[in-house]
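Let me begin by presenting the structure, written as structure tokens, before commenting on it.
The values are calculated or read from the model by the stated rules, or taken from the named source; none is laboratory data. Remember, it's a predicted structure, so these values are computed and weren't measured experimentally. Note that we place each Cβ from the backbone using ideal geometry, even for glycine, and neighbour counts take in every protein chain shown. The accessibility values were calculated without ligands, DNA or RNA, using every heavy atom of the protein model including side chains. Shrake-Rupley method; radii C 1.70, N 1.55, O 1.52, S 1.80 Å.
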Amino acid sequence: MSVTNFRSDAGSGAASKITFQTLQEKKRAHQPVTALTAYDYATARLEDEAGVDLILVGDSLAMVVMGYDTTLPVTVDEMLHHTRAVRRAVKRAIVAADMPFGSYHTSVAEGVANAIRFVKEAGAEAVKIEGGAVRCELVERIVGAEVPVIGHLGLTPQSVHRMGGYKVQGKTEVAAEELARDARMLEAAGVSAIVLEGMPRELAARITSEVGVPTIGIGAGPDCDGQILVFHDMVNLTFSAPAKFVRRYGDAGALFRSAIAGYVRDVEERAFPSEAESYHAPTSTGAVSTKVR
Ligand code: KIV
């Protein structure tokens, strides 16, 4: 009997478009969903070519690209700018964009209008919104406007001041019940997936078994339907100690430091550029190519 494999086609040349139906089928088939953040063309292209299922233009952009202390300052226009760059790179993965703080908190109408901007002006296929029961009306309205929504529960970084810092959520029985209820309500409101961040493994496993939509974990243990990491955390392009849940798969920080130091050294020692890296004007003895590359 052959079982359809919804795993990535990376390297095979086949590049079937990933949709939320694919993620749903993966959940049913117990095949993990892979997701990463990206904020620029080059990174998004590498992730897409590697077979990542879902690429999120996260509002973590504020911290890892723009250098802010929290995700709160990034604006809709800044998020749109980066979503467009990612959109141009990605052929296969789902491109989702984070709705930044303030873009859906004042009214449902404004939230719907901003969600539509991400699709219409930047080519996003979905938006992500933080929060549970309080966001259900908004989720229904955005989905009603034909924009898929990804929910986000647990440690929701836009709530940093209310939470009193970046703390694991759902540790008491009452808090766990509330998050499990939020997940069920988000599903009923029409979300296509739910990010579970910073919560006990047992709670994430319970939510994953209770909802029909895929859960994508970050700091929520291995029992979610998929996993997401912030790209810069994964490749050590941050300037602080990683959180416990981060696994580093490369050291881009060390690679870039050494490349930059080598360039500075070569320029200072006049070892760069070399004769072979220089152009020449044509001479009377022959034509010289005017091609730059
Ligand atoms: O902004 C972000 O990068 C996120 C992920 C951590 C899920 O929301």
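With contacts defined as alpha carbon pairs under 8 Å and 6 or more residues apart, what's the relative contact order of the chain in percent?
Values: 505 pairs, mean separation 40.1, N = 293.
Over the chain, the number comes to 14 percent.
Once the Cα gyration tensor of the stretch 227-293 is diagonalised, what are the square roots of 5 times its eigenvalues, in whole Å and ordered largest first, as equivalent ellipsoid semi-axes? Mind showing how you got there, number by number?
Details: eigenvalues 376, 49, 8 Å².
Three semi-axes, in Å: 43, 16, 6.
Ordering PHE239, HIS152, GLY198 by the projection of their Cα atoms onto the charge dipole of the stretch 3-250, which places +1 on the Cβ of Lys and Arg and -1 on the Cβ of Asp and Glu, puts PHE239 at the extreme positive end.
Separation of the stretch 97-158 from the stretch 162-205 is 17 Å, based on Cα centroids.
Here LYS167 is the anchor, and the lysines within straight C-alpha reach of less than 23 Å, apart from those fewer than 8 places off in the same chain, are LYS128, LYS244.
When you filter the GluC sites (Glu not before Pro) in the stretch 78-132 for DSSP loop state and at most 16 other Cβ atoms inside 10 Å of their Cβ, you are left with GLU121.
The label point for SER159 and the one for ARG265, both projected 7 Å from the Cα toward the Cβ, are 5.0 nm apart. Treating r as the C-beta distance of THR70 and ALA243 and R0 as 22 Å, the FRET efficiency rounds to 0.90. Summarised in one figure, the compactness ratio Rg/Rh of the stretch 74-207, Cα atoms and Kirkwood Rh, is 0.98.
Counting 0.36 nm for each residue step from SER284 to ARG184 and taking away their Cα separation leaves a gain of 28.1 nm.
Relative contact order for the stretch 230-293 using alpha-carbon pairs under 8 Å, separation at least 6, rounded to a whole percent? Present the calculation step by step, with values, prior to reporting the outcome.
Working: 31 pairs, mean separation 12.8, N = 64.
In percent, rounded to a whole number, it is 20.
Using only alpha-carbon positions, what ratio does the radius of gyration of the chain give when scaled by 2.2 N^0.38 Å?
Values: Rg = 22.2 Å, N = 293, 2.2 N^0.38 = 19.0 Å.
In units of the globular-protein estimate, the chain measures up at 1.16.
Stretching the chain fully between ALA276 and HIS30 yields a gain of 83.1 nm (0.36 nm per residue, less the alpha carbon separation).
Could you grab the relative contact order for the stretch 30-77? Cα pairs under 8 Å, six or more apart, rounded to a whole percent. Intermediate values should be presented prior to the final figure.
Values: 46 pairs, mean separation 14.7, N = 48.
Normalised by residue count, the contact order of the stretch 30-77 is 31 percent.
On a per residue basis, the chain carries 53 Å² of accessible surface, using protein heavy atoms and a 1.4 Å probe. Ligands, DNA and RNA excluded, the heavy atoms of ASP69 present near 130 Å² of accessible surface to a 1.4 Å solvent probe.
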